[in-house]
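Everything below concerns the one structure shown next.
The values are calculated or read from the model by the stated rules, or taken from the named source; none is laboratory data. Keep in mind it's a predicted model, so treat the numbers as computed, not measured. In this analysis, Cβ positions are derived from the backbone assuming ideal geometry, glycine residues included, and neighbour counts consider all displayed protein chains. Only protein heavy atoms, including side chains, enter the accessible area calculation; ligands, DNA and RNA are left aside. Shrake-Rupley method; radii C 1.70, N 1.55, O 1.52, S 1.80 Å.
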Amino acid sequence: METTNKRDTTYMISTPPEEVPPEDDSPSGNAPEKLFPHNPEPASSKEVIHDAPEVVVEPWGTNVNRPDSPFSVDETIVSGFQPLAFDEKGEPIPPRRESELPAEKPRTFGIQRRYLLGIIILIWVLLLAIGLGVGLGLGLKKDNNHGPGSGFVDPYCVGNPDYCIGGSLGSNYYTTNGTFNGSGIALATEFWNHQQRKIMTVYFQHWSGDIRWIQLTPQGQWIGGTKTEMIATDAKNATPISVVSYAINGTAQWHVFYLDTDDIVRQKQNTNATNIWQDGPLNELNLTAYSAPNVGLQACWYGNYYGDSDASKFPTNNGQNNTIPFDATTHGMHLWYPSNESTFIQYGWYEGQEQWAEQHSWPNMNAHAGVGCYSWGPGSTTYAMMVDESSTAEIWWKDTDTNLTSTSAHPINTWENATKYAINDVYASTSLGFTQYLYAQMKDGTIMGHQIDFEAENTTSVEENVFSVGGAQGPVLGIKGTHMSVTAVDDQSGGTSLYVFYQTRGDDLSVFIRDIKGGQWTQGELPIPDE
């Protein structure tokens, strides 16, 4: 496929100087000039601030300088330059009194009334231009305290700013370059394809509103992200994005999920056999998600790790090869989407089925937060991570082995809360992500990673392996409510690296990389084309 704007953007770059993230915090066509709620400075070197021209307007009622009256006190013309007039007999004509002169047109504030309306309109236009210029200038310079911004604010966000992001907090927060402010972020790694074409593909929402992809090559370059790599044009502002990729019987498949402008859950799918993005079967169901500026959505591969039956390729926390085989008898996908403000609905699809089927309802959850999942590990137990209504990230488990005897402590084939561990006080609309570690955004904007021992009802955390994502000078905050995507990838040195993607300004797609065993994070930005 031919691509444009290819640049050498090796992702292993040195950590940039510390950016002090703002205390706080998403839009396609006809966007006004934009800024970012989390950065008092211009969000990008490409950002242009348009200032309205200065116009000086006289206040109403100001006296207009007029030439001195050519009349004397008795209104008789006395100017020595006034020529004499003569009648037909040659007699001089006496000077006329003012009453004999043509009547002067009525005036208001010294202005003839026939021109007054036009002048009023002109002054109104100039005042409007000045007001817009001053308002925009102040908006671009102001700090954001995670409240409604300048410009149009989504009515829902006026009273619920913690559940909103980007342009919904104020139309001036929309971006005009790079990524959408509040872009969904999803990625697919391809362990079967490392040396052939790509290591991973990242899916995002361009500032224009399109959903696009950009790829990391084995040479360490990010390519794509242009109009050529466009997948969908009907995505809602700041849509969540989720992707599942796998290979079965020699065919690689990609499934991308998002919300359209009518809040309908959409599925686009592609294979290496067709190389064409087409509508998936889920579209026929017209599943309508809860309508809010920022909501959760997650799809997850069900079965072995992205279709790779070799369990040894699955990275472990200690960097060694996995020695426990997968239970890979069933392949398919799970999907979670919010049906109302406190309920997620789970659908499932299995290889060979023609349509998705509803499987479970999750009440008492926060529809604005993300969903995490872990269903490719050893054994028969699958896991889901969700945020409840009190901003606690919970871990739920389900053992699908019907050959086991169900007990009160370990029920079979039902979703159960792993009550021995949870992450308290996460940000209200945090995204969740899991690969090797469970990631969540905290109230201050920090992205935290947690190592989890997944043991069904005995699931706990390895507290000494809790860490923050950042750079050499400490944590790098994400914009409040940023979408997030994470993975772990084998590197050329034989080890495994963690990748964490989120937004730190609003027009960026930042990536943080660290060895799985620990060490320093490196930070970079994906080269997102402006066009």
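Sort out which residues of segment 449-494 are within 32 Å of the chain's Cα centre (by Cα) and aliphatic (A, V, I, L, M), and write them in order of number.
Hits for segment 449-494 are 452, 462, 466, 469, 472, 476, 477, 479, 484, 486, 488, 489.
Based on this model, can you work out whether residue 507 counts as among the acidic types (Asp, Glu), buried (at least 21 other Cβ atoms within 10 Å of the Cβ) and at pLDDT 95 or above?
Working: among the acidic types (Asp, Glu): yes; buried (at least 21 other Cβ atoms within 10 Å of the Cβ): yes; at pLDDT 95 or above: yes.
The answer is yes for residue 507.
Kindly establish whether residue 399 is charged (D, E, K, R) and over 29 Å from residue 280 (Cα atoms).
Working: charged (D, E, K, R): yes; over 29 Å from residue 280 (Cα atoms): no.
Spelling it out, it is not the case that residue 399 is charged (D, E, K, R) and over 29 Å from residue 280 (Cα atoms).
Which count do you get for residues in segment 374-389 that are outside any strand (DSSP E or B) and either crowded, with 19+ Cβ neighbours inside 10 Å or basic (Lys, Arg) (or both)? Lay out the reasoning, then the answer.
Taking segment 374-389 as the starting set, the residues that turn out to be outside any strand (DSSP E or B) are 375-377, 379-380, 389.
Pick out the ones that are also either crowded, with 19+ Cβ neighbours inside 10 Å or basic (Lys, Arg) (or both) and you get 375-376.
Total satisfying the criteria: 2.
Sort out which residues of segment 247-262 are touching a strand residue (DSSP E or B) at 6+ places or on another chain (Cβ under 6 Å) and either open to solvent by 20 Å² or more (accessible area, probe 1.4 Å) or more than 11 Å from residue 234 (Cβ to Cβ) (or both), and write them in order of number.
The answer is 251, 253, 254, 255, 256, 257.
Quick one: how many residues across segment 240-270 are of a type in the set (S, T, N, Q) and closer than 13 Å to residue 211 by Cβ? Step through it out loud before you land on a result.
Restricting attention to segment 240-270, the residues satisfying the condition of being of a type in the set (S, T, N, Q) are 242, 245, 249, 251, 253, 261, 267, 269-270.
Cutting the leftovers down to closer than 13 Å to residue 211 by Cβ gives us 242, 261, 267, 270.
Looking only at that region, the number is 4.
Having 2 or more residues that are over 30 Å from residue 175 (Cα atoms) is the bar; report the strands (runs of 3 or more DSSP E) wholly within segment 452-515 that clear it.
Numbers: elements: 484-490, 496-502, 510-515.
So the answer is 484-490, 496-502.
Among the residues of segment 399-423 satisfying the criterion of being in contact with a strand residue (DSSP E or B) (Cβ under 8 Å, 6 or more places away or on another chain) and in a strand (DSSP E or B), which is farthest from residue 449 (Cα to Cα)?
By that ranking, first place goes to 399.
Which of the residues spanning segment 424-450 are open to solvent by less than 20 Å² (accessible area, probe 1.4 Å) and not in a strand (DSSP E or B)?
427, 428, 429, 430, 431, 436, 445, 446
Does segment 213-262 hold any residues that are assigned to a loop (DSSP other than H, G, I, E, B) and at pLDDT 95 or above, and which are they?
Matches in segment 213-262: 225, 226, 233, 234, 236, 237, 238, 239, 240, 261, 262.
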